[in-house]
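Visitor: Have a look at this one.
The values are calculated or read from the model by the stated rules, or taken from the named source; none is laboratory data. The model shown is predicted, which means the values in this text are computed figures rather than measured ones. Please note: Cβ atoms are built from the backbone with ideal geometry, for glycine as well, and neighbour counts cover all protein chains shown. Side chains included, ligands, DNA and RNA excluded: accessible areas come from the protein's heavy atoms. Shrake-Rupley method; radii C 1.70, N 1.55, O 1.52, S 1.80 Å.
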Amino acid sequence: MQTFIIKLSRRTKQYVVGAVDIVMSILATWLAFFLRLDSAEMPHGYQWHAYQLAIVLSLPILTHFGLYRAVFRYAGMSAMATIVKAIALYGAIFFAILVWLALPGIPRTLGLLQPLLFLFLVAGTRIVARIWLTRTAGDRRPEREARLLIYGAGAAGAQIAEVIQRKRQLTLIGFLDDEPQLVGKTINAYAVHPVRDLHKLIDLYGVTDILLAMPAINRSRRNEILATLRQHHVRIRSLPDLAELAQGKATISDIHELDIVDLLGREPVAPNPALIGRNIRGKIVMVTGAGGSIGSELCRQIISVKPSKLLLLEHSEFSLYQIHSDLTAVAIELNVAVELIPLLGSVRDYERIREVCKVWKPQTIYHAAAYKHVPLVEHNPAEGVRNNVFGTYNVARAAVESGVADFVLISTDKAVRPTNIMGASKRLAEMILQALATSTAPVFENAPASTTPTPCKTRFAMVRFGNVLGSSGSVVPLFRQQIKDGGPVTVTDLEVTRYFMTIPEAAQLVVQAGAMTEGGDVFVLDMGEPVKIIDLAYRMVELSGFVVKDEKNPHGDIEVKVTGLRPGEKLYEELLIGENPQPTAHSRIMKAQEEFLPWEELSTELQLLAVAVRDNKVEEIRCILGRLVSGYTAATDLVDLVYLKENATTV
């Protein structure tokens with residue numbers, strides 16, 4: 001029955017409530033006569049005028065105060081206060097008219113008694129209806145009917161309101177705006193309310209969502225708005241592209257959760273077109289790990305700059321199919337004639353990489369293929385080193401031998417004073433490129449004895465940055481899924497702090513940094529201020545419309561649970577090993593001064609490491625990494641899953 005009533009049209013529900021209020025006004029009048037005259041007789045004579053007056057006054061006044069726009073299921077204290085105000089006005093007019101008319105058979109005290117009874121009946125029906133309609137709804141976690149306020153009564157807000165009215169996929173309540181000249185006006189029959197009234201609107205109309213429709217405001221102003229909205233525990237949504245809405249490419253269902261950039265809380269820097277195109281436009285470009293989070297975004301950035309060919313190297317068949325299909329659609333949409341070459345292969349297979357470089361002759365390589373998940377690599381160290389260190393070695397060697405002009409390694413802040421295998425392996429990968437960049441003719445392992453060392457003409461660059469929001473290993477999609485599931489949201493430690501950047505911004509800066517290298521440079525991206533993960537978790541819960549469940553709010557919606565640091569994790573990440581980074585032509589890119597071993601010395605150590613990896617000698621792997629990588633200190637005991645099982649003592 002509850003579901004049937006809830007699904008009735010808005011207009012039908014308003015008619016039903018109006019009819020109920022008419023009945024309540026008649027009942028209140030009859031009860032007032034009964035209590036005053038101590039008689040249960042049917043009305044007669046002039047008494048009928050009291051009933052007529054009650055009906056004539058009640059509907060217009062209750063309508064004026066918006067009581068037929070309010071939703072019983074969400075009626076709170078603000079709605080009750082509005083009822084009191086409406087009945088107070090009704091009572092004053094009702095009493096004044098009865099005194100003025102002085103009709104026979106109608107005592108003046110009826111003008112006081114009837115409004116009081118009417119107040120109890122109107123408020124009571126709404127309270128009973130709210131309890132009955134919500135008694136099976138449970139807490140706030142289940143999917144709710146979206147009741148929407150649009151923040152921003154400008155052109156964008158008006159356009160989206162028009163689409164919402166036409167599509168009828170959401171219930172629009174009205175607009176919010178902080179411009180005094182707009183407050184009080186109506187747009188498409190919807191009122192523009194001041195932001196200070198938001199709490200009352202939420203209580204009165206059961207607002208569940210607020211849609212930000214202010215595309216022109218800067219990031220700092222947007223952050224101020226979000227800080228204001230967080231305390232109201234409503235779900236914050238972002239606006240789909242208006243052009244796509246107009247062309248039918250996007251629908252109201254594409255109104256999405258708050259943009260990841262809004263969680264970051266700072267302004268991205270616009271890319272420099274000259275740097276973006278220097279190593280890409282008109283050239284043959286290869287991306288390893290093309291199907292990954294960073295690799296796929298790099299491909300999207302690259303294709304827009306119009307290379308002649310884009311080689312997509314990926315070991316996962318599904319990921320390669322997906323990125324190739326996506327880029328084909330992007331090329332058509334952008335009307336660019338780029339030849340896309342999907343290549344299955346692993347960076348661990350040197351012969352495959354050598355063959356690809358020999359046949360297709362790439363001029364620029366972006367090496368994004370790597371294992372990046374810290375705990376997983378800690379549990380599988382040999383495979384992590386095989387992929388991250390020797391995969392980089394294989395691609396770099398093929399690049400030198402085939403005369404690739406530019407090679408850019410995607411590195412990580414975890415390479416700085418690492419406490420885990422993943423970070424140490426990425427720092428060693430950096431050192432390989434640094435050593436090759438300073439070697440005139442490096443001699444490679446297993447090269448035929450008669451082979452003349454190839455002069456190194458490849459410009460190597462390494463770009464080091466922190467976590468990217470929204471990537472496959474990022475906490476953001478994990479937190480979103482946990483919030484969707486009703487919690488708990490899991491944080492490893494209250495003090496864990498990370499640097500964050502969006503995937504598109506990181507990809508653009510990688511391309512620009514690679515274009516500035518003179519060979520052997522380690523670039524560090526300015527990640528802004530570090531973010532405490534616990535703060536990010538709270539922000540996401542609150543901006544999703546929920547209340548964090550903790551000691552202060554034991555009856556909240558979503559719990560934030562601390563689980564403890566995982567193997568190899570650090571509380572804080574750094575971006576620099578040395579001191580005094582040098583500025584570059586880009587305000588967000590710095591150049592680090594990092595020590596490394598010359599190629600002749602490093603290549604010998606790599607041979608020892610290769611043997612340890614082949615035989616899965618985990619202790620020896622950690623020992624060699626400790627000897628080569630400055631600042632590497634293992635944070636945990638050995639946790640390699642195969643090694644522990646193989647060396648377990650049976651009782």
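Visitor: Once label points are set 7 Å from the Cα along Cα→Cβ at both D637 and I93, what is their separation, rounded to one decimal in nm?
Guide: Here the modelled spin labels are 8.1 nm apart.
Visitor: As an exercise, take the mean of 1/r over every pair of distinct alpha carbons in the range 310-363, invert it, and state the Kirkwood radius in angstroms.
Guide: For the range 310-363, the Kirkwood estimate is 12.0 Å.
Visitor: Can you order the peptides 271-281, 186-196 by their average number of other Cβ atoms within 10 Å per residue, highest first?
Guide: In descending order of packing, they fall as 271-281, 186-196.
Visitor: In terms of modelled amide H atoms, which long-range or inter-chain residues lie less than 5 Å from the amide H of Y371?
Guide: Under 5 Å from the amide H of Y371: N388.
Visitor: If you put +1 on each Lys and Arg Cβ and -1 on each Asp and Glu Cβ, how big is the dipole of the range 271-383 around its Cα centre, in Debye rounded to 20?
Guide: Result for the range 271-383 is approximately 600 debye, rounded to the nearest 20.
Visitor: With the crude spin-label approximation of a point 7 Å out along Cα→Cβ, what separation in nm comes out for H64 versus N218?
Guide: Inter-label distance under the simple model: 4.6 nm.
Visitor: So how do 637-646, 475-484, 512-521 stack up, highest first, on mean other-Cβ count within 10 Å?
Guide: Answer by packing, highest mean first, reads 512-521, 475-484, 637-646.
Visitor: Quantify, in whole percent, the carbon and sulfur part of the accessible surface of the range 355-513 (1.4 Å probe; protein heavy atoms only).
Guide: 54
Visitor: Per Stokes-Einstein, at 25 °C and 0.890 mPa s, what whole-number D in µm² s⁻¹ belongs to the range 435-572, with the Kirkwood radius over Cα pairs as the hydrodynamic radius?
Guide: Rounded to a whole number, D works out at 134 µm²/s.
Visitor: Still on this structure, please answer the following. Using the per-residue mean of other Cβ atoms lying within 10 Å as a proxy for protection, in what order, highest first, do the peptides 369-375, 323-329 fall?
Guide: Highest to lowest by the protection proxy: 369-375, 323-329.
Visitor: Before I look further, what does the range 300-429 give for accessible area per residue, probe 1.4 Å, in whole square angstrom?
Guide: Per residue, the range 300-429 has an accessible area of 36 Å².
Visitor: When the solvent-accessible surface of protein heavy atoms is calculated with a 1.4 angstrom probe, in what order do S296, S39 fall, highest first?
Guide: If we order S296, S39 from most to least accessible, we get S39, S296.
Visitor: So, in nm, how far is label E605 from label E162 when the simple model puts each one 7 Å beyond its Cα toward the Cβ?
Guide: 6.6
Visitor: For the range 271-343, state what percent of all Cα-Cα pairs lands in each successive 5 Å bin, counting from 0 Å until the bin that includes the largest distance.
Guide: With a bin width of 5 Å, the distribution comes to 4, 18, 32, 26, 15, 5, 1.
Visitor: Can you give the log10 of the normalised intensity I(q)/I(0) at q = 0.18 Å⁻¹, computed with Debye over equal Cα scatterers of the range 507-639?
Guide: Listed by q, the Debye log ratios stand at -1.12.
Visitor: Do the alpha carbons of any pairs in K372/K645; K426/K457; K85/K484; K426/K617 sit beyond 30 Å of each other, and which pairs?
Guide: K85/K484
Visitor: Can you send over the solvent-accessible area of S319, 1.4 Å probe, protein chains only, in Å² to the nearest 10?
Guide: Here the residue's solvent-accessible area equals roughly 30 Å².
Visitor: Taking every eigenvalue of the Cα gyration tensor of the range 350-480, multiplying by 5 and rooting it, what semi-axes result, largest first, whole Å?
Guide: 29, 15, 14
Visitor: For the range 473-565, what is the accessible area per residue in Å² when the probe is 1.4 Å?
Guide: Value returned for the range 473-565: 40 Å² of accessible area per residue.
Visitor: So, taking all protein chains as they sit and a 1.4 Å probe, how much accessible area belongs to V611, in Å² rounded to tens?
Guide: 60
Visitor: Sorted from largest down, give the three principal axis spans of the alpha carbons of the range 469-541, whole angstrom values.
Guide: So the extents along the principal axes, rounded to whole Å, are 51, 23, 16.
Visitor: Hey, if we sort Y499, Y151 by accessible area with the 1.4 Å probe, largest down, what's the order?
Guide: Sorted descending by solvent-accessible area, the residues read Y499, Y151.
Visitor: Related question: Percent relative contact order of the range 528-638, based on C-alpha pairs within less than 8 angstrom and at least six residues apart?
Guide: Reported relative contact order: 14 percent.
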